Amino acid sequence: MGPFNDVKVLDLTSMVSGPVAAMMLADQGADVVKVEPLHGEQMRHIGPKVNEITPAFFSCNRGKRSISLDLKSEEGRAVLMKLVESADVLIQNFRPGAMERMGFSEPVLRERNSRLIYVSISGFGEEGPYAHKRVYDPVIQALSCAADIQADRASGRPQMFRIIAADKVTALTAAQAISAALYARERTGEGQHIRLSMLDSMLSFFWPEAMAGLTFAEKEFDVTPYQGAMDLVFETQDRFITAGAISDSEWAGLCRAIQREDLIEHPHFKDATDRITHNTERKAIMAEEIKKWASDEILARFDAEEVPCAPIIDRSELLDHEQVKTNHSVERLQFEGFGEVRQARHPAQFDRTPAAVSRPAPQLGEHGRDILAAVGYSESEIAQLISHGAVRH
């Protein structure tokens, strides 16, 4: 029984940002009904499949139930309206204006359910020159300065994160906002409309350090030279590792570990600001010294000096890493039709209302009959909806 037990969520979203937000709520106990078009949402069709489900779709939609509706038909629209009446949350990530054109704007649905938390996720916001553009993660990375932040330090060429960072940051932002809105509703009894964009989510995520140079308007500075301090990849005799020092005590310990005590009081490195200012010089010295050691030996020396460090592992090593195994960070689940399925466990560990993966990602329309019956449709009415093509089964 998760913390959102008895919370009912309608997930009208596709791809990643909305589905992952809804998946997190499902892990936390919410009954999430994924409302899809008759052909299924796009993520179902990207990548190799097991039991007709792609890995990415599974991971974004585990724990949900699926109903497939023709929302262009009067009967399909009536079904959605019926579902809205008992829902706590509705999440949609259509382009701005699409829900209004379909007849499902927030004011219209509010008339059916005054307590509804209506969540609108967009790429750029609902107004402005980009509002109606199509959007995928790399577009947001470009506009949020992510590609600039990741730029190659030698050539200056912008680079993208190799993961869909903007979508998932938006998903985390949405899930937190929904939690806050549900809490507010407990106090006031009122639902509300949450609007958030991928662009705003990424800018908020980046701001503390990546945009530090823009924080004080009268003291702007170029933060780029300081960002290289995060590029802490070092080669040893046998593999790559990471190690870093921010505090004076950590820096002193690092210097002792690499047997360069002379650097502790070096004028370029004597405090944290100096070390960041001269990070290129500092990292070059560290790289030269660390390369002299075998990874196990230098990591042990860093650990002894309480210097933050770790081997840089690849994905083939992840499942066997002792910390990952100790944490049970990757769950091994058995589902009929899929066999063993590995999923990152829900990261928040609740001691009284534990989160868990309750079911696999659904087949398209798999739960349509049950969902319709739960909101009052009779067997004959359900059969008629299916025969008319308003509901896929």
What does the helix-only formula give at 222 nm for the chain: each DSSP H stretch with n ≥ 4 adding -39500 (n - 2.57), the total divided by the residues, and the result rounded to the nearest 500 deg cm²/dmol?
-11000 deg cm²/dmol
Under a 1.4 Å probe, counting only protein heavy atoms, His268 has an accessible area in Å², nearest 10, of 60 Å²
At most 15 other Cβ atoms within 10 Å and a DSSP loop assignment: could you name the GluC sites (Glu not before Pro) in the stretch 177-253 that fit?
Glu190, Glu220
Using a Gaussian network model of the chain with C-alpha springs under 10 Å, which one of Asp200, Asp351, Asp152 is most mobile by mean-square fluctuation?
Asp351
Probe 1.4 Å, all chains present, heavy atoms only: His45 accessible area in Å², nearest 10, is 100 Å²
Could you tell me which GluC sites (Glu not before Pro) in the stretch 327-393 are loop residues by DSSP with no more than 13 other beta carbons within 10 angstrom of their beta carbon?
Glu336
With the contact rule set at Cα under 8 Å and sequence spacing of 6 or more, what percent relative contact order holds for the chain?
21 percent
Please build a GNM for the chain, connecting alpha carbons under 10 Å apart, and tell me which residue among Val33, Val341, Val139 fluctuates the most.
Val341
Using a Förster radius of 35 Å, what is the FRET efficiency between Ala374 and Arg134 based on their Cβ-Cβ separation? Nearest 0.05, please.
0.50
DSSP loop (so not H, G, I, E, B), at most 14 other Cβ within 10 Å: list which GluC sites (Glu not before Pro) in the stretch 89-176 pass both filters.
Glu126, Glu127
Heavy atoms only, 1.4 Å probe, whole protein assembly: order Thr224, Thr236 by accessible area, highest first.
Thr224, Thr236
Only Lys, Arg, Asp and Glu count, each charged at its Cβ (+1, +1, -1, -1), so figure out the dipole size of the chain about its Cα centre, rounded to 20 debye.
1220 debye
What lysines could a cross-link reach from Lys72, if we take a straight Cα to Cα line under 25 Å and drop same-chain neighbours fewer than 8 places away?
Lys8, Lys34, Lys64, Lys82, Lys133
Any chance you could look up the accessible area of Phe338 with a 1.4 Å probe, heavy atoms only, rounded to 10 Å²?
40 Å²
Could you order Arg62, Arg95, Arg162 by accessible surface area, starting with the largest, using a probe radius of 1.4 Å?
Arg162, Arg95, Arg62
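The values are calculated or read from the model by the stated rules, or taken from the named source; none is laboratory data. Remember, predicted model here, so these are calculated numbers, not experimental data. Glycine also receives a Cβ, built like all others from the backbone with ideal geometry; neighbour counts cover every protein chain displayed. The protein model used for the area step is the full one, side chains on, heavy atoms only, and it has no ligands, DNA or RNA in it. Shrake-Rupley method; radii C 1.70, N 1.55, O 1.52, S 1.80 Å.
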